[in-house]
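Here is the structure we will look at.
The values are calculated or read from the model by the stated rules, or taken from the named source; none is laboratory data. All values derive from a computational prediction rather than experimental measurement. A quick note on method: Cβ atoms are made from the backbone with ideal geometry, for glycine too, and the neighbour counts reach across all protein chains shown. Note: areas computed on protein heavy atoms with side chains; ligands, DNA, RNA excluded. Shrake-Rupley method; radii C 1.70, N 1.55, O 1.52, S 1.80 Å.
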Amino acid sequence: MAKGRKPKKYNKKTFVIASLRRASIRWPPRNEALKQARVSRGLYKCSSCANVFKKKEVHLDHINPVISPEHGFIGYSDFIERLFCETDGFQLLCKKCHEIKTLLEDELRKVYKTAIDKA
């Protein structure tokens, strides 16, 4: 270690959450949900706008956010239960619809955080 340098601190929570999210890509119900949204080879139907898109133009989304907008991160048990949901807990969204849903969830988080801070 170079003289005068502080050792780098690592955030264990961030590391574990990122690792679990990467592992969830191999979750069988997730793959089943993707398969159910397929309309033909390489084409998928958005659950929100009902338009058909190529695979690179869609995201598989959790219907109920993995981290609750209202309560935030509760604990690893809750996080794992929400992340590894069953097939009916997923929806396929085009990038635009997914962006809109994410923005709405982020706004809800801000509203709940503001309400908690004022209480």
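Filter the GluC sites (Glu not before Pro) in segment 42-119 to those in DSSP coil with at most 15 other Cβ atoms within 10 Å of their Cβ, and list the result.
Glu70, Glu86
Return the carbon/sulfur percentage of the accessible area of the chain, one whole number, probe 1.4 Å, all protein chains in place.
56
Residues with beta-carbon under 15 Å from that of Lys35, excluding Lys35: net charge, scoring Lys, Arg +1 and Asp, Glu -1?
After counting each charged neighbour, the total is +3.
Three principal axis extents, largest first, for the C-alpha atoms of segment 5-55, in Å?
Ordered largest first, segment 5-55 gives principal extents of 55, 21, 18 Å.
Kindly express, to the nearest 10 degrees and within the range 0 to 90, the angle between helix 95-118's C-alpha long axis and the longest C-alpha principal axis of the chain.
With rounding to tens, the tilt is 40 degrees.
Among the listed pairs Lys12/Lys95; Lys12/Lys110; Lys12/Lys113; Lys35/Lys113; Lys13/Lys101; Lys9/Lys101, which have their C-alpha atoms separated by more than 28 angstrom in this model?
Exceeds cut-off: Lys12/Lys95; Lys35/Lys113; Lys9/Lys101.
Could you do me a favour and compute the accessible area per residue for the chain, 1.4 Å probe, result in Å²?
For the chain, the per-residue accessible area is 76 Å².
With just the Cα atoms defining each centre, how far is segment 48-64 from segment 97-114? Give it in Å.
18
Segment 1-101: which trypsin sites (Lys or Arg not before Pro) are DSSP loop and have at most 10 other beta-carbon atoms within 10 angstrom?
Counting only loop positions with at most 10 other Cβ atoms within 10 Å, the trypsin sites (Lys or Arg not before Pro) in segment 1-101 are Lys3, Arg5, Lys8, Lys9, Arg26, Arg41.
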